[in-house]
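K.L.:
Next up is a structure, given as structure tokens.
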Amino acid sequence: MKNKSEIFIKYLDNELSPEEKKIFEKKLLDDETFKTEFNLFKENFNSLKISKIDVNENYFNSLLPEARKKIGQTKHTNFIKFAYLLPVIIIGIILFKTIFNNNFNENNFEQLLNSYSTNEDAVVELIDNVYSSDQDFLIDNELLEQLYEIENINDESVYDYLAETVLTSDIEEYLINQLSEEEFNMVYNELLNKNFNNLEIK
Amino acid sequence: MERNLDNELVNQFIAGSEKAFNELIRKYQKTIYWHARRMVGNHLDADEITQQVIIVIYNKIKNFKFKSSVKTWIYKITQTRSLNLIRKRKIKSFLSLDSSEKKDVAYSEDIITNFEDKEKLEKVNEMLNKLPTKQKEVFILRHFEELNYEEISKITGRSIGGLKANYFHASKKIMGLMNNEK
């Protein structure tokens, strides 16, 4: 039998099959202890939602005027921005051509990165732009679904590992590219051993 | 009904009514703020995101195609902005650029007037931050915002099956963390 909390979660999320739901609700009616356990679980789970938070309403009253001020400023500065943007675009095109004419590689990127290193935000922005993408999920949802379907691999640590890998993939990819083949193999073997240790068959 | 009203406001704004825009924002500003706040965990960042989202809505709403609901569209913008901020924060901490002083300021300013509420919210945030970001976003949208999986799928662009799996694991982990605290 599955862990009780798992069934409680699925029941509260309306994810039990009609048959399972029937059995569950019958158990609630027949078994007082089970009912108490469920009610306690439900209460705890819902306690995360803080029903009413006292806030300074002035903040929400001033949100729109503040945003409107910024919208006004944006409109006003759009022309000025364009005037600045034009030479930046021209310089950008020249730089782009120069970089590619010099066979752009990772060393060029390092140089470029170093040249930006005096400005924190620029570094963050640069890396974010270079390594971010809307499709930055290396492991797709179909695979996650398949894993979810296979009960025996429905192990939280595997799932968390996948979820975390998916998210940080862009940074990790950059790091992996910095490793020599020997270092890469060392890390790979280490990971392989770790996975075997974590995945005890129950 | 609600969807029609939103669409009506959007159409009115496109036709030139600034009042309609104000009404739309007043309706959704708390939703935007609290969603951003749960995602990023503090007032200052949530405030920044909320302002950004309002500006984006103002600038982009004229291109709104009515393919999804306005609510879903607003959530999507808020979600993207929040995830961008989280990603930038991760890169900053990876490069050790985020000073602890900055963090302290971010956590000291707040709009919550009740100390107990603030403490409780911080505890919830701590637990949420222990989840992988994908689980965290689904858990927030499902548990706190009470959206259905179809809506969440439209916001996140992920399959319903994957979302259900994420929510299940997030819930299990959160309950585990709550039990450990007792």
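The values are calculated or read from the model by the stated rules, or taken from the named source; none is laboratory data. Computed from a predicted model, the values in this text were never measured in an experiment. Counting neighbours? That spans all protein chains shown, and the Cβs are built from the backbone with ideal geometry, glycine included. Quick note on the areas: whole protein, heavy atoms, side chains included, nothing else; ligands and nucleic acids left out. Shrake-Rupley method; radii C 1.70, N 1.55, O 1.52, S 1.80 Å.
K.L.:
Can you work out which of the residues in the stretch B:151-166 that are facing chain A (nearest Cβ under 8 Å) and under 14 Å from B:Phe139 (Cβ atoms) is most open to solvent (accessible area, probe 1.4 Å)?
P.N.:
B:Lys164
Results for (1) within 12 Å of chain A (Cβ to nearest Cβ); (2) in contact with a helix residue (DSSP H, G or I) (Cβ under 6 Å, 6 or more places away or on another chain); (3) free of Cβ contacts under 8 Å to residues at least 24 places away in the same chain, shown as yes or no for each residue.
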{"site": "B:Glu8", "(1), (2), (3)": "no, no, yes"}
{"site": "B:Asn11", "(1), (2), (3)": "no, no, yes"}
{"site": "B:Lys19", "(1), (2), (3)": "yes, no, yes"}
{"site": "B:Ile25", "(1), (2), (3)": "yes, yes, no"}
{"site": "B:Lys30", "(1), (2), (3)": "yes, no, yes"}
{"site": "B:Gly41", "(1), (2), (3)": "no, yes, no"}
{"site": "B:Val53", "(1), (2), (3)": "yes, yes, no"}
{"site": "B:Lys65", "(1), (2), (3)": "no, no, yes"}
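K.L.:
Quick one: would you say A:Ile50 is farther than 24 Å from B:Ile174 by Cβ and among the β-branched types (Val, Ile, Thr)?
P.N.:
Working: farther than 24 Å from B:Ile174 by Cβ: no; among the β-branched types (Val, Ile, Thr): yes.
When the stated conditions are applied, A:Ile50 does not pass them.
K.L.:
Of the residues that sit in the stretch B:77-95 and are within 7 Å of chain A (Cβ to nearest Cβ) and farther than 18 Å from B:Pro132 by Cβ, which one is surrounded by the fewest Cβ atoms within 10 Å (Cβ to Cβ)?
P.N.:
Selected residue: B:Leu95.
K.L.:
When you check A:Phe82 against the structure, is it over 17 Å from B:Ile55 (Cβ atoms), surrounded by fewer than 14 Cβ atoms within 10 Å (Cβ to Cβ), outside the structural domain of A:Phe24 (by TED's automatic domain parsing) and at pLDDT below 70, yes or no?
P.N.:
Values: over 17 Å from B:Ile55 (Cβ atoms): yes; surrounded by fewer than 14 Cβ atoms within 10 Å (Cβ to Cβ): yes; outside the structural domain of A:Phe24 (by TED's automatic domain parsing): yes; at pLDDT below 70: yes.
Taking the combined requirement at face value, the residue satisfies it.
K.L.:
Please go through the stretch A:1-23 and give me each residue that is among the polar types (S, T, N, Q) and in a helix (DSSP H, G or I), ordered by number. Quick ask: steps written out before the conclusion?
P.N.:
First pass over the stretch A:1-23, keeping only residues among the polar types (S, T, N, Q): A:3, A:5, A:14, A:17.
Matches in the stretch A:1-23: A:Ser5 only.
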